Amino acid sequence: MNVLLTGPTGYIGRRLMVRLLEEKDVHLRLFVKDRRRVSEETRRNVEIVEGDLFDEEDLRRAVTGIDIAYYPIRFFWAGTEFDELQKIFARNFRDACIHAEVKKIIYLGVLGSHNTEDNLLKNVIETGEVLSALPDKIRTIWLRAGFVLGSGSSLFEVLRNLVQKVPVIFTPRWMEAKLVSLGIADTLEYLTQARNLEGKDNLIIDLGAEMMSFRDMLKETSQIIGRKRIFIPLPFTAHRLFSFLLMLVTPFSYKLSFLFIQGLKSRSGLPADIRQDMAKHYFPGISPLSFQRALERALNAIERNQVISRWTDSLAGISYADAEDEISRAVYRDIRNMDFGGVPPEKIFRAITSIGGKQGWFTFDILWKMRGFIDKLAGGFGTALGKRVESELRIGDMLDVWKVVDLRENERLLLEAQMKVAGKAWLEFTIDGTTLIQTAYHFPRGLLGRLYWYSMLPFHFFIFRDMIESIVKRAETGDERPG
């Protein structure tokens, strides 16, 4: 069975890729923008087509010879322009599959009503309608799932952060919304088994475990984590106020916090056309985990440092730029060199990749946290994004206020700033012989960008000098990994 997985580096896509590789009858092809975001081990076991999702010729190459095609799964906070392009892409994807005589498209949507004011939900529903519009030419399996709950999922991150950080939790009316959740393992199992569904007609199958209010989810989370929390109900909604509060205690920006609450409200209850018996009929071997069991699994994965993907992997709003070309046009540079003598280069590189997350940013970690807080207030994500796991980095990972855009073992780490910097900025570490070269780049946007760079120079003097010295010292002492 020739299977195409489009967008295999997102939160669900990356996990589905791992799951499909367990199936012996599957020959897996990945359609990606940059093959470097797929690990070397995975690249040895799959076929890869590089290309642009919105390039029709690239799309034709990707679907040629395919039996089953998985539509890209859930971009998060993509923005208005992307939403419009996604409608065009859904049509192009369907038509390319028809032209290539693909047998089946599998699409993971969400449970929600057509009569919604939530544009994100509308776009997800419209995408499913476009893919299903020509049932006489191609079969579409449309799975409509509740909120996915797993390590690194957006729902999990909000629940965990609120319970861990807030001793007294006010619960406004929007927290009373009844939500359907679905464990990530069950989500992957439904997607994997959907490829074997027989028949010719289109199917819409609704997936979910149990309905709970968001407030009850918080109470259940507090019990499982073992934190006693006081819950105080409020008789009003306070959407914008709680978006701000959510921004302060979770990894979300204000905009994403606002969209999250909006999503809870728009996806509460069950859609009028829900078909609750379809999942049992078509997938008799799957019994969805309860909310409690799915949450316990997610917490165990965090404790074991085994988080395969995070919600940040699906953030289409965070740039993944062609950094090499843009860096060449950088106006400002802060370059520092340090000879590390007889220390093995691999130890230096391990020290480089250990920075951030729980390890922090050496002596001036407090300044990075202050900078992150300012970024939050300016509408960014701040430093709360942390690391996927403490033990490794890969291309595409978030690292506090940075995103990994290039990583060559024992040679180079390139980070692109995701904070507000009045332009674009990068931080590069390269190893040349016995010399560690640390370079900060900035490409300013107008006068404000230039003022930003010069206002940061006093901080750069202390922060960047301390950083390169501390990296070499950490490598010398052998403390490259958190204990």
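Yes or no: region 453-464 includes at least one residue that is aromatic (Phe, Trp, Tyr), touching a strand residue (DSSP E or B) at 6+ places or on another chain (Cβ under 7 Å) and in a helix (DSSP H, G or I).
The answer is yes, given that some residue of region 453-464 is aromatic (Phe, Trp, Tyr), touching a strand residue (DSSP E or B) at 6+ places or on another chain (Cβ under 7 Å) and in a helix (DSSP H, G or I).
Report yes if Asn119 is over 28 Å from Ser287 (Cβ atoms), open to solvent by 30 Å² or more (accessible area, probe 1.4 Å) and not acidic (Asp, Glu), otherwise no.
Yes: the conditions hold for Asn119.
Could you please let me know if Val158 is assigned to a helix (DSSP H, G or I), of a type outside the set (Asp, Glu), under 27 Å from the mean Cα position of the chain (by Cα) and surrounded by 20 or more Cβ atoms within 10 Å (Cβ to Cβ)?
Criteria met by Val158.
Output the number of residues of region 123-141 satisfying the condition of being open to solvent by 10 Å² or more (accessible area, probe 1.4 Å) and either within 20 Å of Met212 (Cα to Cα) or more than 22 Å from the chain's Cα centre (by Cα) (or both).
Residues flagged as open to solvent by 10 Å² or more (accessible area, probe 1.4 Å) and either within 20 Å of Met212 (Cα to Cα) or more than 22 Å from the chain's Cα centre (by Cα) (or both) within region 123-141 amount to 10.
Would you pick out the residues in region 384-393 that are touching a residue at least 40 places away in the same chain (Cβ under 8 Å) and within 13 Å of the chain's Cα centre (by Cα)?
Result: Leu385, Gly386, Arg388.
For Phe244, are the conditions met, namely being surrounded by fewer than 17 Cβ atoms within 10 Å (Cβ to Cβ), in contact with a Ser or Thr (Cβ under 6 Å, 6 or more places away or on another chain) and either at pLDDT 90 or above or closer than 18 Å to Leu295 by Cβ (or both)?
no
Of all the residues that make up region 439-464, how many are touching a helix residue (DSSP H, G or I) at 6+ places or on another chain (Cβ under 8 Å) and surrounded by fewer than 20 Cβ atoms within 10 Å (Cβ to Cβ)?
Residues meeting the conditions: 3.
Of the numbered conditions (1) at pLDDT 90 or above; (2) over 21 Å from Ser154 (Cβ atoms); (3) surrounded by fewer than 18 Cβ atoms within 10 Å (Cβ to Cβ); (4) in contact with a helix residue (DSSP H, G or I) (Cβ under 9 Å, 6 or more places away or on another chain), Met1 fails exactly one; give the number of that condition.
Result: Met1 passes all but (4).
Looking only at region 423-436, count every residue that is over 22 Å from Asp397 (Cβ atoms) and either part of a helix (DSSP H, G or I) or touching a strand residue (DSSP E or B) at 6+ places or on another chain (Cβ under 6 Å) (or both) and tell me the total.
Residues meeting the conditions: 3.
Being in contact (Cβ under 8 Å) with a residue 24 or more places away in the chain, of a type outside the set (Val, Ile, Thr) and open to solvent by 30 Å² or more (accessible area, probe 1.4 Å) is the requirement here; does Ala145 meet it?
no
Considering only residues that are part of a helix (DSSP H, G or I) and at pLDDT below 95, look in region 166-194 and name the one that is most open to solvent (accessible area, probe 1.4 Å).
Arg173
For Ala384, state whether it is more than 30 Å from Tyr254 (Cβ to Cβ), surrounded by 19 or more Cβ atoms within 10 Å (Cβ to Cβ) and not β-branched (Val, Ile, Thr).
The answer is no for Ala384.
Among the candidates Leu295, Leu256, Leu248, which residue alone is closer than 25 Å to Lys165 by Cβ, in contact (Cβ under 8 Å) with a residue 40 or more places away in the chain and in contact with a Phe, Trp or Tyr (Cβ under 7 Å, 6 or more places away or on another chain)?
Leu256
Among the candidates Leu234, Leu207, Leu197, Leu218, which residue alone is in contact with a strand residue (DSSP E or B) (Cβ under 7 Å, 6 or more places away or on another chain), surrounded by fewer than 17 Cβ atoms within 10 Å (Cβ to Cβ) and either within 25 Å of Ser287 (Cα to Cα) or aromatic (Phe, Trp, Tyr) (or both)?
It is Leu197.
Restricting to region 323-365, count the residues that are within 26 Å of the chain's Cα centre (by Cα), without any contact (Cβ under 8 Å) to a residue 40 or more places away in the chain and under 22 Å from His460 (Cβ atoms).
Qualifying residue count, region 323-365: 2.
Evaluate the following for Phe283: is it closer than 23 Å to Leu191 by Cα, touching a Leu at 6+ places or on another chain (Cβ under 9 Å) and open to solvent by less than 40 Å² (accessible area, probe 1.4 Å)?
It is true that Phe283 is closer than 23 Å to Leu191 by Cα, touching a Leu at 6+ places or on another chain (Cβ under 9 Å) and open to solvent by less than 40 Å² (accessible area, probe 1.4 Å).
Is it the case, given these coordinates, that Phe252 is open to solvent by less than 30 Å² (accessible area, probe 1.4 Å) and closer than 30 Å to Gln418 by Cβ?
yes
Working carefully through the options Ile286, Ile224, Ile261, find the one that is part of a loop (DSSP other than H, G, I, E, B) and either of a type in the set (A, V, I, L, M, F, W, C) or under 19 Å from Ser113 (Cβ atoms) (or both).
On inspection, the qualifying residue turns out to be Ile286.
The values are calculated or read from the model by the stated rules, or taken from the named source; none is laboratory data. Since the model is a prediction, treat every value here as computed from it, not as a measurement. When we count neighbours, we look across all protein chains shown, and the Cβ atoms used for this are built from the backbone with ideal geometry, even at glycine. Keep in mind that these areas ignore ligands, DNA and RNA; they rest on the heavy atoms of the full protein, side chains included. Shrake-Rupley method; radii C 1.70, N 1.55, O 1.52, S 1.80 Å.
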